[in-house]
Amino acid sequence: MKKFFEFILVIIIFYGVYAAFDKAFLILAPQIHSLWVIMSALFAAVLLLLLYSLIIKDEAKKNLKETLDHLHTEIKNKDDLLLKKDDEIKRAQSFKEDLIKESELSDPLE
């Protein structure tokens, strides 16, 4: 479906450029051969499509860079949170071991 839409877009652009060039060449040079009108319309349509593709490509690169930067920041935040939780677990285990040692050293209640 996307390719069909792109094909229709190319046809519309070419027809619009051809119509504009046909009228312009009739005013500027009434004796010009229609092959030159078609060739110049094709060339102009190709330039318009190249410009369009460059704009789309740059916008896609910009969006991709923003997404990657956002994901990188998210990963860094999650790594920091993971390190913080790891430190908390180590402190809790150390506290547990200290409590166990203290209880073993203390006098049993009888």
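Bear in mind that the values in this text are calculations on the coordinates, not laboratory data. The model shown is predicted, which means the values in this text are computed figures rather than measured ones. Using ideal geometry, Cβ is built from the backbone for each residue, glycine included, and neighbour counts are taken over all protein chains shown.
Only one entry of Ala19, Ala92 meets the criterion of being touching a helix residue (DSSP H, G or I) at 6+ places or on another chain (Cβ under 9 Å) and surrounded by 10 or more Cβ atoms within 10 Å (Cβ to Cβ), and that entry is Ala19.
Among the residues here, Ile32 does not qualify as surrounded by 10 or more Cβ atoms within 10 Å (Cβ to Cβ) and assigned to a helix (DSSP H, G or I).
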